[in-house]
Amino acid sequence: MTTLMKHFKVCFIGAYAYPLLKEGADGPHGGSETALVSHAKSLPKEYDVSFIVKDFSKSSGDDFKIEKCDRFTVYKRKKTNNRIVNRIKFFFLMKKINAEIYLTRGASPELAYITLFAKILGKKTVYFVASDIDCDGRYKKNSNLINSHMDPKKRKYLNVFPKTKFDIWINGNLYKWGLKKADLIICQNHSQLNLLNQRLIKSTILKKSIELPTDRLNQSKKIILWNARCVAWKRPEVFIDLAKKFRNEKFIMICPPVLGHLNYHKKIQQLTIQETNIELIPGLPNLEVKEILKKTKIFVNTSEFEGDWPVSVLEAMSYETPILSLSINPDKSLSNNDFGFFCNNDTQQLKKRLVQLTANSDLLNKLGQKSLTYLEKQHNPKKISYQLQNIIASLL
């Protein structure tokens, strides 16, 4: 390993990260932002760490605002409706920050601009893979894939997501270029590493970092939980259908709406409104989510695809909760480590496994303990922090 002799100036770019940096701030965010902030917090205090985030306020004035959030310098960036102007202002913001390395996460044409601007400035770019579609070619072929259920009227208003086949082609190829030209790609498991190696893209593995709670024991666990953003590929309908078959169990959905998918969220709300054993919560502060996790006996994941285990799953595991996964099993980690059940995309098997778990408290406890063991081994914050420091040092 590289000997860590120096501390560096690094900048994380995550448009929706602000609520995770500023105590009391509200706003949309997801697993990508949570992972970025977690990695930033894991770095020693001697590192000079900044963030570029999106400014969602309606106030007029400067192109960006600077705030100090704990140890981080946060640049809140405003956007206009002119994409060219946005790019130019973004370049000069990167120049002002003058970080040695810029780190970002999640498939987007923005990766191309970040990488290009960093090269012009003589800096480095690190890209964190968020989902399998980031590295298997699906995003390049259809950069609108994860937004295919977006409310059509919102697309033009947002001025973010592709609207035509030409836009999709441009965005996909910009992302492909950024992926190939970034100085390093960080993926989350060996399956993603192999996919990137097949495309001759330099990459390495770094798991998400999860702090273990100190108050996880001595709770009455009665909740079956689903926790994800309300987008179609997370498949919340599957969880609702499952709950209808278990009327004596308490099901909770933490299901925040996503801008551009609001009609879909209304549809999901309508599906639950008559169900007395399902509580739909449209988003909660992280501290309140943890209060629910303390009382959760089973966590259900119904996503069509992911990059690795989402932060929501890992947080549930930190409270010794077994995982019931319909379709994802990164590197066969669930099958090989027995911290729950993988259902091979079979909803009937999902139902059978839930019957098995709800009928056997000893099995729940056994699998819950294995969840914690896996987390301690694979997502240890100190270990991952040291790996990230070595990655940064190796690039400079």
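Values quoted throughout were computed directly from the atomic coordinates according to the rules given, and no laboratory measurement underlies them. Quantities reported herein were computed from a predicted structural model and do not represent experimental measurements. Glycine also receives a Cβ, built like all others from the backbone with ideal geometry; neighbour counts cover every protein chain displayed.
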Counting other beta carbons within 10 Å of each residue's own, what order do Phe342, Phe239 fall into, fewest first?
Phe342, Phe239
Stretched fully, the stretch from Glu279 through Leu200 gains (0.36 nm per residue minus C-alpha distance, one decimal, in nm) 23.8 nm
Calculated diffusion of the stretch 266-323, Stokes-Einstein form, Kirkwood radius summed over Cα pairs, 4 °C and 1.567 mPa s, µm²/s:
99 µm²/s
Listed values (i) 20.7, 66; (ii) 23.6, 84; (iii) 21.0, 61, entry calculated as Rg and Dmax of the Cα atoms in Å
(iii)
Report, in debye and to the nearest 20, how large the dipole of the chain comes out about its Cα centre when Lys and Arg carry +1 and Asp and Glu carry -1 on their Cβ.
1060 debye
Relative contact order (%) - the chain, alpha-carbon pairs under 8 angstrom, separation at least six:
15 percent
Taking neighbour counts of Cβ atoms within 10 Å as a proxy for exposure, in what order, fewest first, do Leu293, Leu43, Leu287, Leu259 appear?
Leu287, Leu259, Leu43, Leu293
Report the residue, chosen from Asn329, Asn301, Asn360, that carries the largest GNM mean-square fluctuation when the chain is represented by alpha-carbon nodes joined by springs under 10 Å.
Asn360
To test your reading of the geometry: what angle, between 0 and 90 degrees and rounded to tens, separates the Cα axis of helix 262-272 from the longest principal axis of the chain?
10 degrees
Contact order normalised by length for the stretch 223-378, with contacts defined as Cα pairs under 8 Å and 6 or more residues apart; what percent is it?
21 percent
Go through Gly340, Ala359, Val300 and say which Cα lies farthest out towards the positive end of the charge dipole of the stretch 223-378; charges sit on Cβ, +1 for Lys and Arg, -1 for Asp and Glu.
Ala359
Can you compute 3J(HN,Hα) from phi for each residue in the stretch 362-370, using the Karplus curve 6.51 cos²θ - 1.76 cosθ + 1.60 with θ = phi - 60°, rounded to whole Hz and x for Gly and Pro?
5, 5, 4, 5, 5, 5, x, 5, 5
Per residue of the stretch 225-230, in order, report the coupling 6.51 cos²θ - 1.76 cosθ + 1.60 (Karplus, θ = phi - 60°) as ³J(HN,Hα) in whole Hz, putting x for Gly and Pro.
10, 10, 9, 6, 5, 8
The correct pair for the stretch 32-134, radius of gyration to one decimal and Dmax as a whole number, both in Å and from Cα atoms, is 13.9, 39
How much mean residue ellipticity at 222 nm does the chain get from its helices, if each DSSP H run of length 4 or more adds -39500 (n - 2.57) and you divide by all residues, to the nearest 500 deg cm²/dmol?
-12500 deg cm²/dmol
Footprinting proxy, Met253, Met317: sorted fewest to most Cβ within 10 Å, the residues are Met253, Met317
Based on Cα positions only, what radius of gyration and what Dmax would you give for the stretch 223-378, in angstroms?
14.5, 43
